[in-house]
Amino acid sequence: METNGGEGKNNKLNLELPIIDLSDLQSNNRSQTLKSLAKACEEYGFFQVTNHGIPCDIISSVMDVSRRFFELPFEERAKYMSTDMRAAVRYGTSFNQNIDGIFCWRDFLKLNCHPLLDLLPYWPSTPIDLREKIVSYAKHMETLFFMLMKAIIESLGLADEDILNEFEDGSQLMVINCYPWCPEPDLTLGIPPHSDYGFLTLLLQDSIQGLQIMSKGEWVTIEPLHGSLVINVGDHLEIFSNGRYKSVLHRVLVNPTNSRISIASLHSLPFENIVRPSPQLINEENPRRFKDTDFAAFLEYISSIEHKSKSFLESRKLT
Ligand code: OGA
Ligand code: NI
């Protein structure tokens, strides 16, 4: 997490992220598609996927129930507030909270999805259909994550079944963000610059612009592409790939007229497992770049003063 703020937010640079058509992974186009995937992960740390196979009604109903959750009376939402990073559910509002001189403008609901059957009873009981709608979306995300990781492992030139097996019991965190419309968008950010924690984040967004990524030293706005999902490399994948695939800083702007909803599904190994650079990607020319890490190290970092001055990934770098 970096703390530099909202300067230069209104530059009009828009970026169309590389598009990976997932149906090409099943065709004789696979090797070309893997090359495009590798290039996107190296250059941008972000790409978008089309033909991902998630049914439209699953997508529209998870968006709809998310919107209804944020419309509940505050007292109802506030039942789920928690500061425990390991909690099954955490509702939070950064409304009018001044973080390092920037006002953040976001409500969020974080749902821990693994192991689902143990955690589900703690999820919000209203709206009445929330659990059902989010569970079915989460299961689709899990399947898509597997498919993407399989392709990503292959794109790195690895034949690594072990890591894929580790994902069988992996962690999944669903972050539902609501950015209310904001009368003074220039004075706020929805989320300040940060990188994501896991291997991959699968992001569903509505048609309102907001996401910006750091590309070649500049903030660029991502143009939402209807029906697609935005995928980004997280810190754990940068570590696993020994620096080849980039976990890129991104942030969210707020909108003067429209509120925006996004749903991020964050995937990684089980919380207790160690993430380390793949031994097959370490050699004389490319020495090991990161220390071993795990979820405990991340929690320690979050509560340390280090986190004011450098990102988590920085803190894991071998010098
Ligand atoms: C996140 C995030 C982007 C968005 O939740 O980590 O970066 O567009 N969200 O909401
Ligand atoms: Ni993020």
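The values are calculated or read from the model by the stated rules, or taken from the named source; none is laboratory data. Please read all numbers here as calculations on a predicted model, not as lab measurements. Counting neighbours? That spans all protein chains shown, and the Cβs are built from the backbone with ideal geometry, glycine included. Heads up: the accessible areas ignore ligands, DNA and RNA and are worked out on the full protein's heavy atoms, side chains in. Shrake-Rupley method; radii C 1.70, N 1.55, O 1.52, S 1.80 Å.
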Accessible-area order (highest first, 1.4 angstrom probe) of the listed residues 122, 301: 122, 301
In Å², nearest 10: area of residue 288 left accessible to a 1.4 Å probe: 90 Å²
For the range 114-128 and the range 281-317, what is the separation of their Cα centres, given in Å? 32 Å
Residue 68 neighbourhood, Cβ < 10 Å, K/R = +1, D/E = -1, net charge -1
Please report the carbon-and-sulfur percent of the accessible area for the range 14-316; probe 1.4 Å, protein heavy atoms only, DNA, RNA and ligands left out. 53 percent
Can you give the accessible area of residue 169, probe radius 1.4 Å, in Å² rounded to 10? 90 Å²
Column: log10 I(q)/I(0), Debye, Cα scatterers of the range 14-316, q = 0.08 Å⁻¹: -0.34
Take 19, 128, 222 and sort them by solvent-accessible surface of the protein heavy atoms, 1.4 Å probe, largest at the top. 128, 19, 222
For n ≥ 4 DSSP H runs only, could you compute -39500 (n - 2.57) per run for the chain, divide by its residues and tell me the 222 nm figure to the nearest 500? -8500 deg cm²/dmol
Testing the spin-label approximation: label points 7 Å from Cα along Cα→Cβ at residue 165 and residue 129. State their distance in nm. 4.1 nm
How big is the charge dipole of the chain about its Cα centre, in debye rounded to the nearest 20, if each Lys and Arg gets +1 on its Cβ and each Asp and Glu gets -1 on its Cβ? 420 debye
Run the 1.4 Å probe and let me know the accessible area of residue 249, rounded to the nearest 10 Å². 40 Å²
Take the alpha carbon atoms of the range 153-199, find their center, do the same for the range 58-79, and report the distance between the two centers in whole angstrom. 21 Å
How far apart, in nm, are the 7 Å Cα→Cβ label points at residue 285 and residue 272? 4.0 nm
Working out 0.36 nm times the residue gap between residue 64 and residue 31, then minus their Cα-Cα distance, what length gain in nm do you get to one decimal? 8.1 nm
Report the FRET efficiency, 1/(1 + (r/R0)^6), for residue 206 and residue 309, where r is their Cβ-Cβ distance and R0 is 45 Å, rounded to 0.05. 0.85
Calculate, in nm to one decimal, what residue 72 and residue 147 gain on full extension: separation in residues at 0.36 nm each, minus their alpha carbon distance. 23.5 nm
Here the gain from full extension of residue 119 to residue 87, 0.36 nm per residue of separation minus their alpha-carbon distance, amounts to 10.6 nm
